[in-house]
1. Can you pull out the trypsin sites (Lys or Arg not before Pro) in region A:24-90 that DSSP calls coil and that have at most 16 other Cβ atoms within 10 Å?
2. Once you have a ≥ b ≥ c as the square roots of the Cα gyration tensor eigenvalues for chain B, tell me rounded if a/c is under 1.5, and otherwise prolate or oblate according to whether a/b is larger than b/c.
3. Residues of region A:86-107 with amide nitrogen under 20 Å from the 7 Å Cα-to-Cβ point of A:SER16?
4. Under 11 Å from a point placed 7 Å out from the Cα of B:MET1 along the Cα-to-Cβ direction: which residues of region B:19-55 have their backbone N that close?
5. Please work out the Cα center distance from region A:92-136 to region B:52-97, rounded to the nearest Å.
6. Could you give the nm distance between label points at B:VAL259 and B:GLU127, where each point is 7 Å from its Cα heading toward the beta carbon?
7. In nanometres, what is the gap between the two model label sites at B:LYS177 and B:ASN222, each 7 Å from Cα along Cα-to-Cβ?
8. Past the 21 Å Cα-Cα mark, which pairs from B:LYS14/B:LYS159; B:LYS135/B:LYS232; A:LYS136/B:LYS92; B:LYS202/B:LYS232; A:LYS91/A:LYS133?
Amino acid sequence: MTRVKVNPSNRDKEISRIIEISGENIYSCMQCSKCSASCPANSEMDILPHQVVRILQLGNYERIVNSQTIWNCASCFTCGARCPRDIDITKIMEAIRLTVIRNKGESRIDVDELPEKIDDKMPHQAIVSVFRKYRK
Amino acid sequence: MKYSYFPGCTLKTKAQELEKYALRSAEVLGFELEEQIEWQCCGAVYPLATDEIATKLSSVRTLASAKENGNKLVTLCSACHHVIKRVNEDMKTDKSTRDKVNNYLNISEDYKGEVEVLHYLEVLRDEIGFDELAKLVKNPLTGRKIGAYYGCLLLRPDKVMGFDDPENPSTIEEFIKALGATPVKYPYRTECCGGYLSLDNKDKAANMASSILLSASKHEANEIVTACPLCKYNLEINELKSKVTVTYFTELLAEALGVK
Ligand code: SF4
Ligand code: SF4
């Protein structure tokens, strides 16, 4: 087993930005995986919530922003509610999404395609939410 | 008793029943919901980023207007409730947000989170009381087996929402009991319905909603009630598969009070 050194002072700019936007202390995570076990969307995630936190600790920004996980998180707050270290992983997911969609041209939803995805009964709440979660 | 009332966009469009039956029932129960003037959309999802201010402004306008009227603020939609209650908490506890928002809004008196935000269910439970409610029931829903569906937004995060025990809530079950029906507890009542995933990832949302319906029907609930238009939508599009019907809690209330 190779020893990997986690050094908060060496983390790069993007990772610092994610931590700052989330307001959460990712270094207090003990990798118990309770968040991942609780996550109702985990079957659609290529990196599970506890792995997201670990990869952030290790500073692998590319791996994080290119994951499907952040777009399949439903912001249900279950992970944070159950974390024994009181880390709100929902906020970390949001911070990662934002570091992507705040860049020009990086919106996740194409407005022209929206009409096909909306049916008669879909509440406005869903549409407004998607604009907030996938676009800036 | 008079409350300021924030309806939100969805209640004026796709979720009109949620509002209609709430207002009718309020009349019978003896409280007034005064709709706010020129309210704005809450944004549907609480802005989780520590550096976002603009997305919180509409909630603060709503809260400041309730404060001006000297009222508690009542919400009906779980999502509006979640957003406004959490923004209120930020205004109360986070100095940086409070200062920035107040500087920007330039309202006559700084808003500091003074208003009490109540969900309609909390008005029933804490201001009227389920015992009192039970006395006003005209058509008891005797024999009906009804499951409560809480979902995410009323319960979590518990520290801010303070609605009920986030893992084992009982408010909606007590509400169902007060109306004369039999509440059915089932494991998935606090699980996520898929929320906004239903727009871009329909299969996943369908999967999540189906698990909830299946859990309810396994425990022999014939119907479930919710306070959230998006939960209702997600559950309803999968309802056929399970025979469990989905309604708003206010429809049930109006029915029991004889005003449906
Ligand atoms: S539940 Fe908390 S401590 Fe456990 S792995 Fe997840 S983030 Fe880390
Ligand atoms: S907030 Fe996202 S990551 Fe956390 S449990 Fe819900 S879906 Fe999973």
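1. Working: sites: A:LYS34, A:ARG54, A:ARG63, A:ARG82, A:ARG85; in loops: A:ARG85.
Loop-located and lightly packed - A:ARG85.
2. Numbers: a/c = 2.08, a/b = 1.38, b/c = 1.50.
Taking the square roots of the gyration eigenvalues as a ≥ b ≥ c, chain B is oblate.
3. Within reach of a label on A:SER16, which here means backbone N under 20 Å from a point 7 Å along Cα→Cβ, region A:86-107 contributes A:92, A:95-100, A:102-103.
4. B:30-32
5. 23 Å
6. Spacing of the two 7 Å Cα→Cβ label points: 1.4 nm.
7. Result for the modelled spin labels: 2.1 nm.
8. B:LYS14/B:LYS159; B:LYS135/B:LYS232; A:LYS136/B:LYS92
Since every read-out is calculated from the coordinates, none of them should be taken as a lab result. Owing to the predicted nature of the structure, the values given are computational and were not obtained by experimental measurement. Cβ sites come from the backbone with ideal geometry, for glycine too, and all protein chains shown count toward neighbours.
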